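Asks: Structure incoming, see below.
The values are calculated or read from the model by the stated rules, or taken from the named source; none is laboratory data. Note that this is a predicted model, so its numbers are computed, not measured. Note that each Cβ is placed from the backbone with ideal geometry, even for glycine, and that neighbours are counted across all protein chains shown.
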Amino acid sequence: MWFYVQQVLVPHQRAEAAAHGWPRGNLSDLYPRWLGARELLLHHRDPYSPEVTREIQSGYYGRPLDPSRAEDPRDQQRFAYPVYVVFVMAPTVGLPFPAAQTCFRWLLVFLTLASVPLWLRVVRWHASFAVTSILVILTFGSFAVVQGIKLQQLSLVVNGIMAASAAGIVAGHFALAGFLLAIATFKPQLALPMAAWLLLWAVSDWRRRQVFVWSFGVTIALLLTASEYVLPGWMGRFREAVSAYRKYTQGASSLLEVLTTPAIGKIMVAVTIVMVAVVGWRLRRVEHGSVAFSAMLALVLAVTVVIVPSFAPYNQVLLLPAVFLIATSCRGLWRRSWLTRFACAVGALVVFWPWLASCGLLLASLVLPADSVQRAWSAPLRNSLFLPVVALGLLVLCARNLLKTSPTVPQDAAQIPLKP
């Protein structure tokens, strides 16, 4: 996969950019956030301002975008995050950007490496060291992670933080889990669905779980207060930046909208949210160490990838708990019926196809010229849009059995006193 990205996909993109006159700068997704944080913290400039946006474009694309040029990218690369992302970027703002990139790249590697055993703990898969090592290698060899590291995408940071938060809850460390999940909301579209269900879960047993709510709430309050201190009135600017983002990208579409039509996709998104909300309500009292809790958390994250208004492959790293849970249940699915066996076979093909296609391109590069190999650049990505949907479908099949065998209320509920 790394060979494919470095020797096939990137050269193809460079050739396309040269042929169409598309600008190419550092193309780092870290750069808009890093420059915005540097300008705010060191020079007290508004990172949402048009002036900072033009400076971001100069670094990201190599020059400011020209609206009169039809071939220029539509993505203006504005600073479109909550302003408290600058606190995450703060340790790097004093470094030159190449040094910040290097540090951040190693941070992504570490967080992705750590997320694998953390998600394994969340889904209660007690894998051996050898199996864990294989899963780490496969994770690092997935296109989602390769793309995320190449682009220095903050989605990998969010994945690592949310994995630590979920593992903290499973281990009973509610205060730490609430603090970490609040930090992860600097990318709200990925963290808020998980936060919404966990808050419902926590308030459903307030006496034992209120620490999570207080930790999350206090941390969010501190982040918002500190953000208002460094940039008064930032919420209005953030809303404007998000609104502008949706316009210059012609409305960010969810995966379901891309696979169907905008109208049908929106209906499917609404139905999916309602169905998950109903399941979440029924499971709001499950124990934090139960299989049902793990399955519900994996379901929320898988649905997040499907409904979030962005179908970028790097967001698919949030499918890790769903994939791990499916892997632990695939034997039962295979034995259930011919239909589930067919679903497992399709799932395996969808998951392994990018690696099979990349291996084919690697072998082809030994006997064919580079230009010929690059013409097949899309082969490993042809099923990337279907992977989240297939994973969600298989997870639902697995979860049906898992949830039937897991209690929805504490087994010792009758022993819990009503008064201290």
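Asks: Can you run down the residue pairs with Cβ atoms below 6 Å, 6 or more apart or on separate chains, where the first is in the stretch 167-186 and acidic (Asp, Glu) and the partner is at pLDDT 95 or above and not in a helix (DSSP H, G or I)?
Replies: Once the first residue is acidic (Asp, Glu) and sits in the stretch 167-186, no partner that is at pLDDT 95 or above and not in a helix (DSSP H, G or I) comes close enough.
Asks: Identify the single condition in (1) crowded, with 16+ Cβ neighbours inside 10 Å; (2) touching a residue at least 12 places away in the same chain (Cβ under 8 Å); (3) closer than 27 Å to MET296 by Cβ that ALA127 does not satisfy, given that it satisfies every other one.
Replies: Single failed check for ALA127: (2).
Asks: Something else: Being outside any helix (DSSP H, G or I), more than 17 Å from GLY289 (Cα to Cα) and of a type outside the set (Val, Ile, Thr) is the filter here; which residues of the stretch 172-211 pass it?
Replies: Selection gives PHE186, LYS187.
Asks: Going through the stretch 357-391 one residue at a time, which ones are crowded, with 19+ Cβ neighbours inside 10 Å, under 17 Å from SER310 (Cα atoms) and either of a type in the set (A, V, I, L, M, F, W, C) or modelled with pLDDT under 90 (or both)?
Replies: Listed by number, the residues that qualify are SER384, LEU387.
Asks: Another one. Mind checking which residues of the stretch 16-73 are in a loop (DSSP other than H, G, I, E, B), under 27 Å from MET235 (Cα atoms) and in contact with a Leu (Cβ under 6 Å, 6 or more places away or on another chain)?
Replies: Hits for the stretch 16-73 are ASP29, PRO47.
Asks: Just a yes or no: is a residue in the stretch 345-354 in contact (Cβ under 8 Å) with a residue 24 or more places away in the chain, under 15 Å from PRO11 (Cα atoms) and either more than 28 Å from the chain's Cα centre (by Cα) or crowded, with 18+ Cβ neighbours inside 10 Å (or both)?
Replies: Among the residues of the stretch 345-354, not one is in contact (Cβ under 8 Å) with a residue 24 or more places away in the chain, under 15 Å from PRO11 (Cα atoms) and either more than 28 Å from the chain's Cα centre (by Cα) or crowded, with 18+ Cβ neighbours inside 10 Å (or both), which makes the answer no.
Asks: Continuing with this model, one more query. LEU151 fails exactly one of the following numbered conditions: (1) over 17 Å from the mean Cα position of the chain (by Cα); (2) at pLDDT below 95. What is the number of that condition?
Replies: The one condition LEU151 does not meet is (1).
Asks: Does LEU35 count as surrounded by 23 or more Cβ atoms within 10 Å (Cβ to Cβ), of a type in the set (A, V, I, L, M), touching a residue at least 24 places away in the same chain (Cβ under 8 Å) and closer than 22 Å to SER243 by Cα?
Replies: So LEU35 passes the test.
Asks: Quick one: which of VAL258, VAL213 is within 26 Å of ILE161 (Cβ to Cβ) and either out of contact with any Gly (no Cβ under 6 Å at 6 or more places or on another chain) or surrounded by 17 or more Cβ atoms within 10 Å (Cβ to Cβ) (or both)?
Replies: Being within 26 Å of ILE161 (Cβ to Cβ) and either out of contact with any Gly (no Cβ under 6 Å at 6 or more places or on another chain) or surrounded by 17 or more Cβ atoms within 10 Å (Cβ to Cβ) (or both) holds for just one of VAL258, VAL213, which is VAL213.
Asks: Only one of these is at pLDDT below 90, of a type in the set (S, T, N, Q) and either part of a helix (DSSP H, G or I) or under 21 Å from the mean Cα position of the chain (by Cα) (or both): SER243, SER294. Name it.
Replies: None of the other options fit; the residue is SER243.
Asks: Does the stretch 193-202 contain at least one residue that is under 30 Å from ARG54 (Cα atoms), of a type outside the set (S, T, N, Q) and buried (at least 16 other Cβ atoms within 10 Å of the Cβ)?
Replies: For the stretch 193-202, residues under 30 Å from ARG54 (Cα atoms), of a type outside the set (S, T, N, Q) and buried (at least 16 other Cβ atoms within 10 Å of the Cβ): absent.
Asks: Going by what's in this entry, would VAL83 be described as modelled with pLDDT of 90 or more, part of a loop (DSSP other than H, G, I, E, B) and either aliphatic (A, V, I, L, M) or more than 25 Å from the chain's Cα centre (by Cα) (or both)?
Replies: Answer is yes for this residue.
Asks: Let me ask something else about it. So which residues in the stretch 249-271 are part of a loop (DSSP other than H, G, I, E, B) and modelled with pLDDT of 85 or more?
Replies: Result: THR260, THR261.
Asks: Could you tell me whether the stretch 381-395 includes any residue that is basic (Lys, Arg), over 28 Å from GLU16 (Cα atoms) and without any contact (Cβ under 8 Å) to a residue 40 or more places away in the chain?
Replies: No; the residues of the stretch 381-395 include none that is basic (Lys, Arg), over 28 Å from GLU16 (Cα atoms) and without any contact (Cβ under 8 Å) to a residue 40 or more places away in the chain.
Asks: Being out of contact with any Phe, Trp or Tyr (no Cβ under 8 Å at 6 or more places or on another chain) and of a type in the set (Lys, Arg): is that true of ARG382 here?
Replies: Here the answer is no, as ARG382 does not meet what is asked.
Asks: Among the numbered conditions (1) under 19 Å from the mean Cα position of the chain (by Cα); (2) part of a helix (DSSP H, G or I), tell me where LEU333 comes up short.
Replies: Unmet for LEU333, out of (1) under 19 Å from the mean Cα position of the chain (by Cα); (2) part of a helix (DSSP H, G or I): (1).
Asks: What single numbered condition from (1) in contact with a Lys or Arg (Cβ under 7 Å, 6 or more places away or on another chain); (2) within 20 Å of LEU190 (Cα to Cα) fails to hold for PHE143?
Replies: With (1) in contact with a Lys or Arg (Cβ under 7 Å, 6 or more places away or on another chain); (2) within 20 Å of LEU190 (Cα to Cα) applied to PHE143, the lone miss is (1).
Asks: Count, please, the residues in the stretch 325-339 that happen to be buried (at least 21 other Cβ atoms within 10 Å of the Cβ) and either farther than 23 Å from ARG282 by Cβ or among the charged types (D, E, K, R) (or both).
Replies: Residues flagged as buried (at least 21 other Cβ atoms within 10 Å of the Cβ) and either farther than 23 Å from ARG282 by Cβ or among the charged types (D, E, K, R) (or both) within the stretch 325-339 amount to 0.
Asks: Tell me, which residue of the stretch 297-330 that is part of a helix (DSSP H, G or I) and among the small types (Gly, Ala, Ser) is nearest to the chain's Cα centre (by Cα)?
Replies: ALA302
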